[in-house]
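Here the structure comes first, spelled out in structure tokens, and everything after it is commentary.
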Amino acid sequence: MITLVFYDSKQSKLNEGFLKFINNLPFNGYVLLNQDDPNVRLIKNNIKRKVITYGTSHPCDYQIIFHDSENFSQEFKVINKKNHLSIDLKTSLLGKHNLYNAAVSSIISIEEGIAINHISRAL
């Protein structure tokens, strides 16, 4: 039990530090949060900057749908229902962590106004 209490207190300190970092971002910026992460969901309501969320299983601004990998590539879809946006993307990077990275890169590109065809070619 002591180990769990110690771990929880360390996680809460990490969450506190992350929140402090986020709230020091420029006011005209935004933070992109993985809504699938339970620790992110804990601090989200205390963020004082523009928040854009993404994830696979929780309500979020951008939904990511991962498809099966084949022939050393992986396909996924990024959906933003508010903007009626759905993009099918493909990457040669394998592993779920790389799919998250590619999805986040595409979401940032969309938010920054980069054309979808440029995003698709870049991945």
Only one residue in 44, 82, 10 is assigned by TED's automatic domain parsing to the domain that holds residue 114 and either surrounded by 13 or more Cβ atoms within 10 Å (Cβ to Cβ) or on the phi < 0 side of the Ramachandran plot (or both). Which one? 82
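Filter the stretch 32-41 down to the residues that are touching a residue at least 24 places away in the same chain (Cβ under 8 Å) and surrounded by 15 or more Cβ atoms within 10 Å (Cβ to Cβ) and list them by number. Break it down into steps so the answer makes sense when it comes.
Of the residues in the stretch 32-41, the ones touching a residue at least 24 places away in the same chain (Cβ under 8 Å) are 32, 34-35, 39.
Scanning the stretch 32-41 gives 32, 34, 35.
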Checked against (1) loosely packed, with under 12 Cβ neighbours inside 10 Å; (2) outside any loop (DSSP other than H, G, I, E, B), residue 57 satisfies every condition except (2)
Anything in the stretch 1-45 that is among the charged types (D, E, K, R) and at pLDDT 90 or above? List them, or say none. 20, 36, 37, 41, 44
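The values are calculated or read from the model by the stated rules, or taken from the named source; none is laboratory data. Remember, it's a predicted structure, so these values are computed and weren't measured experimentally. As a convention, Cβ positions derive from the backbone with ideal geometry for all residues, glycine included, and neighbour counts pool all protein chains shown.
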